[in-house]
């Protein structure tokens, strides 16, 4: 077995691949400059050796392969040593393909929103039905107790990330994943640091669909016009799914929230397929479930298999995950960072808790959310979200010009003009102090960021205890 070194191991996908390769018997180690939960805890649990800094001395003669994360660039001391010594290196998606996918049926779940949840759910439906799949998901899937599962079955379920592969390969990760069943749930503009415009993003997704073999299956979200427009790139049968589009091949109707579950009827064409119950809030999660049901059907699962599996699905960490309740104030962690995801998440909370006061706390952190490109979209999302209190933190990324950077003061003004109370609080201590002082019994606090948000979740829970 090989000794494999990861440069930039603490990203979710990198840490997960490291654990999967370790489970295959390889000797795994890695380095990174920042460690924070949940992936730091995950790596510790997996007994993977991690160096807390980058150092050329860590690239030893015993290393067989180096896997380079897509956040690593020239100038990194370990990368420079790898290049100088001509040690074999590859990107994360190349490593996944080479070690796992050539002998598998690849079920690849892609799209701007919902792909992590849909991947975890699809993997769980196959697992619960006894198919023993392998699964690689960009989050902590609670049913698996981690971000991966290694099975002995034919299927490999993987999250199809459109982000770039590495500094030496700017093509999308999912172009390496050999899709046999390809799902695109939706498509909106994102990743402004990688894709200069929407047409560049469309091109990546069209190339992805062009890789599906003739015997495969393409499944498209019918409620997303951009996704539907991609169907022409497929050279294999296409199915669609949706709620709002009456022409979708897979449809959900009769959606009702009750007793902590969402129940809905599923139709396949004009025929009733079954009544399903999901523990996940919101119409967007009904769409995610539909995508998984369509993918499961393509993989040979029955309606009964999937009805049972969906009821037993536990969700994914950081997808509206309740972190704690203090003084009857519930604190949730959510990965939402795109305007559409923010709006759908908050609407789902409102639909499930119509009489509660909702705090929406947002940290602009991703490469796109820090930019002005979504200035008006963020204002519209918070204005239409039915949140009662909105707090916007400072833009996380420095180095952007005023012309390019999201203007938080303007965003707050626009939200207030729409009739929703909004404030700008620059740092976590100020946010924690404000909520701890003003929160009352029954409030729901939704903390939204695609990063660690400086540990605000635990800090708020502690402050609420002291208040």
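The values are calculated or read from the model by the stated rules, or taken from the named source; none is laboratory data. Keep in mind that this is a model prediction, so the values were computed, not measured. Backbone-built Cβ (ideal geometry, glycine too); neighbour counts: all protein chains shown.
Structure data summary
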item	result
Enumeration of residues in segment 41-51 that are modelled with pLDDT under 85 and in contact with a strand residue (DSSP E or B) (Cβ under 8 Å, 6 or more places away or on another chain)	42
The lone exception for residue 340 - which of (1) touching a strand residue (DSSP E or B) at 6+ places or on another chain (Cβ under 9 Å); (2) under 25 Å from residue 406 (Cα atoms); (3) modelled with pLDDT under 95 it fails	(1)
Residue match in segment 359-370 (condition: over 30 Å from residue 164 (Cα atoms) and not assigned by TED's automatic domain parsing to the domain that holds residue 283)	yes
Selection count where residues are modelled with pLDDT of 95 or more, farther than 12 Å from residue 291 by Cβ and surrounded by 18 or more Cβ atoms within 10 Å (Cβ to Cβ), scope segment 250-266	2
Hits in segment 356-392 - residues which are touching a residue at least 60 places away in the same chain (Cβ under 8 Å) and more than 23 Å from residue 195 (Cβ to Cβ)	356, 357, 358, 359, 360, 361
Test result for residue 282, outside the structural domain of residue 341 (by TED's automatic domain parsing), buried (at least 18 other Cβ atoms within 10 Å of the Cβ) and either out of contact with any strand residue (DSSP E or B) (no Cβ under 8 Å at 6 or more places or on another chain) or at pLDDT 95 or above (or both)	no
3 or more residues more than 24 Å from residue 449 (Cβ to Cβ): qualifying strands (runs of 3 or more DSSP E) within segment 1-57	3-7, 27-31
Of residues in segment 189-210 being free of Cβ contacts under 8 Å to residues at least 40 places away in the same chain and buried (at least 19 other Cβ atoms within 10 Å of the Cβ), the one farthest from residue 369 (Cα to Cα)	209
Top-ranked residue of segment 376-419 - restricted to ones that are within 23 Å of residue 163 (Cα to Cα) and within 22 Å of the chain's Cα centre (by Cα), ranked as surrounded by the most Cβ atoms within 10 Å (Cβ to Cβ)	378
Checklist (1) closer than 25 Å to residue 151 by Cβ; (2) in contact (Cβ under 8 Å) with a residue 40 or more places away in the chain; (3) surrounded by fewer than 14 Cβ atoms within 10 Å (Cβ to Cβ) applied to residue 13, failing item	(3)
Total residues in segment 109-133, condition surrounded by fewer than 24 Cβ atoms within 10 Å (Cβ to Cβ) and on the phi < 0 side of the Ramachandran plot	6
Counted residues, segment 87-110 - those being in contact (Cβ under 8 Å) with a residue 12 or more places away in the chain and part of a loop (DSSP other than H, G, I, E, B)	4
Hits in segment 251-279 (condition: in contact with a helix residue (DSSP H, G or I) (Cβ under 7 Å, 6 or more places away or on another chain) and under 26 Å from residue 336 (Cα atoms))	252, 255, 257, 262, 264, 276, 277, 278
Qualifying strands (runs of 3 or more DSSP E) (wholly inside segment 111-204; at least 2 residues being at pLDDT below 95 and touching a helix residue (DSSP H, G or I) at 6+ places or on another chain (Cβ under 6 Å))	134-141, 146-149
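Residue-wise test of (1) in a helix (DSSP H, G or I); (2) under 12 Å from residue 125 (Cβ atoms).
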| site | (1), (2) |
| --- | --- |
| 286 | yes, no |
| 295 | yes, yes |
| 310 | yes, yes |
| 314 | no, no |
| 337 | no, no |
